[in-house]
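Student: First the structure, then my questions, so here it is.
The values are calculated or read from the model by the stated rules, or taken from the named source; none is laboratory data. As the structure is a computational prediction, the values presented were derived from the model and not from experiment. Using ideal geometry, Cβ is built from the backbone for each residue, glycine included, and neighbour counts are taken over all protein chains shown.
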Amino acid sequence: MKISLNALKYYVDINVPVEELCDRMVMAGFEVESIEKQGDNLVNVVVAKIEEIKPHENSDHLQICQMNIGEKELVQIVTGAQNIKEGDLVPAALNDSYLPCGAHIVSGKLRGVESNGMLCSGEELCLTEAEYEGASVNGILILKNTHPVGTDMREVLGLDDYIIDFKITANRPDCNCFIGVAKEISVVLGTQFKMPETDYKTVGGDIKDYISVEVKNYDLCPRYIGRVVKNLRIKESPVWMQKALIASGMRPINNIVDITNFVMLETGQPMHAFNYNDLADKKIIVRNARQGESITTLDGKDYNLTEDMLVIADGEKPSCLAGIMGGKESEIEADTKDLFLESAKFRRDNIRHTGRALGIRTEASGRYERGVDILNVEYAANRALNLISALDAGDIIEGVIDCNQGLPEDKIITVTTDKIMELIGVEVSDEKIVEILNALGLPTTINGKEITCRVPSIRDDIEGRADLAEEIMRIYGYDHIVGTKMRGTVNRGKLLPERIKTNKIKKLLTGAGLYEIATYSFISSKAIDTLMLPENDERRNEIKIINPLGDEYSTMRTQLTTSMLTVLATNINKKISEGRFFEISKRFVPKALPLTEQPLELPTMSIGIYGKDEDFFTLKGIIEAMCSLLGAHTQYERSNEPYLHPGRQALVKANNKEFCVFGEVHPAVAVNYGIEEKVYVADIKLDVLLDIEKRKTVYKPLPKFPAVERDFAMLVDADLPVGNIERAISSGAGRLLEKIELFDVYQGAQIPQGKKSVAYSVWLRSADSTLTDTQIEEVNNKIIKKLQSIGAELRK
Amino acid sequence: MLRPVVISSQDGAYFLFGGEKMKEQLISISAAAKTAVEACENEAQIEEVRVKYLGKKGELTAILKQMGGLSPEERPIMGQLVNQAKQELEALITDKKEILKQAARDEKLKAETIDITMPAKELKVGKLHPLNTVLDDMINIFQSMGFDVVDGPEVETDYYNFECLNVPADHPARDMQDTFYLADNILLRTQTSAAQIRTMENLKPPIRVICPGRVFRADEVDATHSPVFHQIEGLVVDKGVTMCDLKGVLEQFAHEIYGKDTKVKFRPSFFPFTEPSVEVDVTCSECAGKGCRVCKGSGWIEILGAGMVHPNVLRSCGIDPEEYSGFAFGIGLDRLTTTRYKISDIRLLFENDKRFLDQF
């Protein structure tokens, strides 16, 4: 909330420089967003006397003025204004000056004549008539002879104020006003605080003769106070009030509207003034809107209302959207004769809800949403009447209508000082505790160690000892808190097993040259289409964000591949010649759509690689290394993911569970990402992989007996997977098999059409003896037999 | 005939008869051989010398053959002298050979000198994402202080993300965070604090955990805002836990992350789920608290929010706030990462340019 320092000084003595004030308020819990010195936006504008006016030769409206700014040389300024004469004192913006309207003035030429500045109008200085007489005149502002030529205009206008923007936390709605902030300042500085007067004169009469008020829904409107003021004398409000309003970002309108706004800024309690004569049947009914009702608000917009919205209606129709904005029809205008003044408390969640539903947020609704004090409703009404009376803005009718169902008592908190301070761990004397609480407007007495603290309704944020501890400490000073080392049994913290395993995988992958990436958990609604998945693919069951930042970030991902492809494309586009990447994140799988409960969040990994040395088998190697680390046995099968090359992709099972599909990305998919080269991706269900229990590692003795190597070269059908050959060798070799190594695959010259030549080295070894020639021969024959059974033709 | 002469020998024996000529011959051959050895420049030459003096037809061998002409008394003495000379020469040759070998090796090594500024054979090693590098550091720090590391879901219910954290529906505190909704009561968690509740529901005090994780808020993407970011929530609940304990833990954290002279300051603030609540500032590591551009002249940098767990929050998790107290803190990992590495634009963290990722 922006507040003028001068306005605050009306309520509290401020005996320190503004910077110190702000520093101390910050340490008491009131963050300062900005300190703005008034006039900071009015630079190099001075009082100047017009010594001479001559017409401009090339213009029928421009005039050339020689200005005396209190220096030896006169300054030549060209102006288009006509309301000036020689001898006038006017504000002159000199070369390199700044105006509050945002303009930066520099020397230049106007139709060939040099002009070293600009003569200013009231409007250009953002002045109202109340701030300087003549400011509203259409033309240059003619100054009164109060200051010598050359005087800075900031001095002339009395711009000595600071505007401080306090960030008021959500728990302190009572400080969204001058009085609230001023009270806090008085405690922080230890200076005197003064509550504004609320006395006023009435002209007699009885309000009951003028209006009846009925609250139909006390739940949504716990208190409603109404007053009537007759014979309005509408005019401008006084300068001090206008200044306070402007400082806090409100526009002065007229004395009545300004008073309601000022009282809101001052007390935190929004007020609404109705044109009394526009109220049908002279009735005020606080009720829920009816189906089909609508209202045109002060800003001229129409809203259709629903039954959960609270309105202030007259005898016929809604006249005001309760707590949010008044109706156009009952608006206070320059010729309004009589007014009905409302000061009320509305339930904050209802105001918030209605405001959200209609998309309206006002100074008033903001305050209602954060909560107003039920007792302050009355004080604020009286303060408004005090100002109406003091400014002679109308005749106040005797009597008040106050609808409520009982007012709250102060809350009593009884607790020992020890109990409060044990939360903090700092010693504060009982006297100091009592002193601070009393100063904060929480009347407190002490009996032994036990304090009794009365909490008025305006501080309903205070519920118990924790809140009292905070109140005490923010005034006593958080600097008194001295850190203590952790106590209790000392253990090293534990990690979840999944995290330990994931860390191991990450170490392996980074060691294998992969870079970890991080991408958003939500993707474009169209991203999934780029994978060419069939309509019924379950990855299309994506959860949509109801209120996304845009379609680009609208959909919770069910796979990480589209994000990986985006990253590969980013790197390729930047002419980075090769890359290996992985991401570990979650895929979001709904149990049902629309969502009725939290979805499954399954750990998922994506790997993406590209570059001239990369192919299907590099990726396969990465996956195998990972499986080996986790102690998983892998099997490969052909797969048919639409987004992968139909002949270059595989499904991988670990311990018989499907966990990975990988391969070369289908060119039709790659092109969706602007990728023209070959890229390879793996989609890995990390949850499956993490579930694998690795067998306990037990040392195997190193071999004592020599191994025998035998080579097998053969011709097989070209489309026979070598995996089948390996299986044949393996089953033929039995338990003597130590290692199989593929060392040649060849198709071409000297090999019959439709065939390929494949060659393997096979190592055989026995753990308990040197293999005899007979044993070797026997195994050799078994292997050959197995190979022949799959159609292999052994070559000599 | 030989004249008897007396010469000294190493063993103190004497030549009594004439053998002088042979001895002179021996001395002269030995001297010549030594010179020859010293003059050798390579192994071939030294082999020539060896053959010339020690070979079957060598000069020293020849002397031995002449010994027949000596008296039986002179023979062993002369034999010893010749053998001694042979041994000396052999040793000399061995040494010389070794010297020459070393010289040859040195020569070879010298010839093999390489340009060490030539490029390395690249060992391709990847890197962790900078967010996780920093996170791992944090986990280590807190683990060493006895904090277990737990996880929580990213998609939360309204109950865990707000209600249980003392933020009822339509409470203005909800405005502090713009929330992404997936359904009426299901949302993307706006804070890892939600995991606090799940932890407290599942564990009995004493509790000492951190929960790192991804959180979401509807902030438009720009250089300092991201709708996806990361927090590390810390929670301690036990008997007699105080704000001083909170400060102690945060000081230790700050010392490890920012250096041991770093000071920690508490500033009163408000969070619905803690009371009292504080913003925590540390002395600016850039200027050591003197005031600079990074800290906007204040000397302090805000790093996290913290406070004592609100009694209502404890209560809703079934923990008696009269018996137990606790503190919680939430650290922004992305901010910590960008400040540590002086990354000017948070979007770089999610762009994943390899040249960026390779720097950490």
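Student: On the basis of being exposed (fewer than 12 other Cβ atoms within 10 Å of the Cβ) and among the β-branched types (Val, Ile, Thr), does A:VAL698 make the cut?
Tutor: yes
Student: List the residue pairs whose Cβ atoms are under 7 Å apart, where the first residue sits in segment B:258-269 and is within 12 Å of another protein chain (Cβ to nearest Cβ), the second is among the charged types (D, E, K, R) and part of a strand (DSSP E or B), and the two are 6 or more positions apart or on different chains.
Tutor: Every condition considered, the pairs that remain are B:LYS265/B:ASP281; B:ARG267/B:GLU279; B:ARG267/B:ASP281; B:SER269/B:GLU279.
Student: Another one. Quick check: is even one residue across segment A:269-290 more than 18 Å from A:VAL213 (Cα to Cα) and in contact (Cβ under 8 Å) with a residue 24 or more places away in the chain?
Tutor: yes
Student: Okay, next question. Testing A:LYS507 on (1) over 30 Å from B:GLY126 (Cα atoms); (2) assigned to a helix (DSSP H, G or I), one condition comes back false. Which one is that?
Tutor: (1)
Student: Can you tell me which of B:VAL264, B:VAL278, B:VAL282 is among the β-branched types (Val, Ile, Thr), crowded, with 20+ Cβ neighbours inside 10 Å and within 28 Å of A:VAL415 (Cα to Cα)?
Tutor: It is B:VAL278.
Student: Have a look at A:GLY513, A:GLY493, A:GLY488 and point out the one that is facing chain B (nearest Cβ under 9 Å), assigned to a loop (DSSP other than H, G, I, E, B), at pLDDT 95 or above and over 30 Å from the mean Cα position of the chain (by Cα).
Tutor: Exactly one of A:GLY513, A:GLY493, A:GLY488 is facing chain B (nearest Cβ under 9 Å), assigned to a loop (DSSP other than H, G, I, E, B), at pLDDT 95 or above and over 30 Å from the mean Cα position of the chain (by Cα), namely A:GLY513.
Student: Which numbered condition in (1) under 26 Å from A:ASP258 (Cβ atoms); (2) within 14 Å of chain B (Cβ to nearest Cβ); (3) of a type in the set (Lys, Arg) is the only one that A:ARG347 fails?
Tutor: (1)
Student: Among the listed residues A:GLU658, A:GLU637, identify the single one that is more than 16 Å from A:GLN559 (Cβ to Cβ) and assigned by TED's automatic domain parsing to the domain that holds A:GLY513.
Tutor: Details: A:GLU658 fails: more than 16 Å from A:GLN559 (Cβ to Cβ).
After applying the criteria, what remains is A:GLU637.
Residue by residue, here is whether (1) surrounded by 15 or more Cβ atoms within 10 Å (Cβ to Cβ); (2) in contact with a strand residue (DSSP E or B) (Cβ under 6 Å, 6 or more places away or on another chain); (3) hydrophobic (A, V, I, L, M, F, W, C) holds:
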residue	(1), (2), (3)
A:GLY488	no, no, no
A:ASN491	no, no, no
A:LYS501	yes, no, no
A:LYS506	yes, no, no
A:ALA512	yes, no, yes
A:LEU531	yes, no, yes
A:ILE543	yes, yes, yes
A:PRO548	yes, no, no
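Student: Which residue, of A:ILE142, A:ILE163, A:ILE105, is closer than 21 Å to A:GLY249 by Cβ and of a type in the set (A, V, I, L, M, F, W, C)?
Tutor: Every option except A:ILE163 fails the conditions.
Student: Also, I was wondering about something else. Quick check on my filter: what residues within segment B:137-179 are in a loop (DSSP other than H, G, I, E, B), in contact with a helix residue (DSSP H, G or I) (Cβ under 9 Å, 6 or more places away or on another chain) and facing chain A (nearest Cβ under 7 Å)?
Tutor: The answer is B:MET145, B:PHE147, B:VAL150, B:ASP151, B:PRO153, B:ALA169, B:ASP170.
Student: Return the residue satisfying two criteria in turn: it lies in segment A:455-465 and is charged (D, E, K, R) and under 17 Å from A:ASN376 (Cα atoms), and of such residues it is surrounded by the most Cβ atoms within 10 Å (Cβ to Cβ). Even if it seems obvious, please write down each step before you answer.
Tutor: The first filter runs over segment A:455-465 and keeps only residues charged (D, E, K, R), leaving A:459-461, A:463, A:465.
Filter once more, keeping what is under 17 Å from A:ASN376 (Cα atoms): A:459-461.
Working: A:ARG459: 20, A:ASP460: 16, A:ASP461: 18.
Looking at residues that are charged (D, E, K, R) and under 17 Å from A:ASN376 (Cα atoms), I get A:ARG459.
Student: Filter segment A:9-21 down to the residues that are hydrophobic (A, V, I, L, M, F, W, C) and surrounded by fewer than 21 Cβ atoms within 10 Å (Cβ to Cβ), then identify the one that is farthest from A:VAL239 (Cα to Cα).
Tutor: A:VAL16
Student: Here's something else I'd like to know. Considering only residues of segment A:557-597 that are part of a loop (DSSP other than H, G, I, E, B) and in contact (Cβ under 8 Å) with a residue 60 or more places away in the chain, which is farthest from A:LEU508 (Cα to Cα)?
Tutor: For segment A:557-597, the residue satisfying everything is A:GLN559.
Student: Here's another thing I want to ask about it. As an exercise: evaluate A:ILE725 against (1) exposed (fewer than 11 other Cβ atoms within 10 Å of the Cβ); (2) in contact (Cβ under 8 Å) with a residue 24 or more places away in the chain; (3) over 60 Å from the mean Cα position of the chain (by Cα) and give the number of the one condition it does not meet.
Tutor: Among (1) exposed (fewer than 11 other Cβ atoms within 10 Å of the Cβ); (2) in contact (Cβ under 8 Å) with a residue 24 or more places away in the chain; (3) over 60 Å from the mean Cα position of the chain (by Cα), A:ILE725 violates only (1).
Student: Give the residue, chosen from A:GLU329, A:GLU369, A:GLU316, that is buried (at least 24 other Cβ atoms within 10 Å of the Cβ) and at pLDDT below 95.
Tutor: Among A:GLU329, A:GLU369, A:GLU316, only A:GLU369 is buried (at least 24 other Cβ atoms within 10 Å of the Cβ) and at pLDDT below 95.
Student: What's the total number of residues in segment A:68-79 that are in a strand (DSSP E or B) and without any contact (Cβ under 8 Å) to a residue 40 or more places away in the chain?
Tutor: Step one: list which residues in segment A:68-79 are in a strand (DSSP E or B), which gives A:68, A:75-79.
Checking which are without any contact (Cβ under 8 Å) to a residue 40 or more places away in the chain leaves us with A:78.
Residues flagged as in a strand (DSSP E or B) and without any contact (Cβ under 8 Å) to a residue 40 or more places away in the chain within segment A:68-79 amount to 1.
Student: Related question: Would you confirm whether or not segment B:182-194 contains a residue that is buried (at least 22 other Cβ atoms within 10 Å of the Cβ), within 30 Å of B:LEU246 (Cα to Cα) and facing another protein chain (nearest Cβ under 8 Å)?
Tutor: yes
Student: Is it fair to say B:LYS127 is among the basic types (Lys, Arg), farther than 30 Å from A:GLU369 by Cβ, in contact (Cβ under 8 Å) with a residue 40 or more places away in the chain and facing another protein chain (nearest Cβ under 9 Å)? It would help to see each step written out before you state the result.
Tutor: Details: among the basic types (Lys, Arg): yes; farther than 30 Å from A:GLU369 by Cβ: yes; in contact (Cβ under 8 Å) with a residue 40 or more places away in the chain: yes; facing another protein chain (nearest Cβ under 9 Å): yes.
The answer is yes for B:LYS127.
Student: Separate question: Among the listed residues A:THR558, A:THR519, which satisfies the condition of being surrounded by 15 or more Cβ atoms within 10 Å (Cβ to Cβ) and either within 7 Å of chain B (Cβ to nearest Cβ) or under 21 Å from A:TYR610 (Cα atoms) (or both)?
Tutor: Exactly one residue qualifies, and that residue is A:THR519.
Student: A further question on this structure: Looking only at segment A:532-555, decide whether some residue is free of Cβ contacts under 8 Å to residues at least 12 places away in the same chain, in a helix (DSSP H, G or I) and facing another protein chain (nearest Cβ under 8 Å).
Tutor: Within segment A:532-555, none of the residues are free of Cβ contacts under 8 Å to residues at least 12 places away in the same chain, in a helix (DSSP H, G or I) and facing another protein chain (nearest Cβ under 8 Å).
Student: Here's another thing I want to ask about it. Considering segment B:88-114 alone, what residues qualify as being within 16 Å of B:LEU54 (Cα to Cα) and exposed (fewer than 12 other Cβ atoms within 10 Å of the Cβ)?
Tutor: B:ALA91, B:ASP95
Student: Just the residues that are small (Gly, Ala, Ser), more than 16 Å from A:MET271 (Cα to Cα) and assigned to a helix (DSSP H, G or I), please, taken from segment A:349-370.
Tutor: Correct list: A:GLY355, A:ALA357.
Student: Now, a different point. Can you tell which of A:PHE662, A:PHE712 is part of a strand (DSSP E or B), over 44 Å from the mean Cα position of the chain (by Cα) and crowded, with 20+ Cβ neighbours inside 10 Å?
Tutor: A:PHE712
Student: If I filter segment A:574-626 down to residues being more than 9 Å from every other protein chain (Cβ to nearest Cβ) and more than 20 Å from A:THR561 (Cα to Cα), which single residue comes out as surrounded by the fewest Cβ atoms within 10 Å (Cβ to Cβ)?
Tutor: Residue satisfying both the conditions and the ranking: A:LYS575.
Student: To continue, here is another question. Look at segment A:1-45 and say how many of its residues are within 20 Å of A:LEU189 (Cβ to Cβ) and not in a strand (DSSP E or B).
Tutor: Taking segment A:1-45 as the starting set, the residues that turn out to be within 20 Å of A:LEU189 (Cβ to Cβ) are A:1, A:3-32, A:35.
Retained after the next criterion (residues that are not in a strand (DSSP E or B)): A:1, A:5-11, A:13-30.
Residues that pass the stated criteria total 26.
Student: Could you give every pair whose Cβ atoms fall below 9 Å, whose first residue belongs to segment A:131-146 and is free of Cβ contacts under 8 Å to residues at least 12 places away in the same chain, and whose second residue is exposed (fewer than 14 other Cβ atoms within 10 Å of the Cβ), counting only separations of at least 6 or pairs across chains?
Tutor: Pairs found: A:GLU133/A:LYS144.
Student: Sticking with this structure for a sec: Going by the structure shown, is A:ALA527 in contact (Cβ under 8 Å) with a residue 12 or more places away in the chain, surrounded by 18 or more Cβ atoms within 10 Å (Cβ to Cβ) and at the interface with another protein chain (Cβ under 9 Å from one of its Cβ atoms)?
Tutor: Here the answer is no, as A:ALA527 does not meet what is asked.
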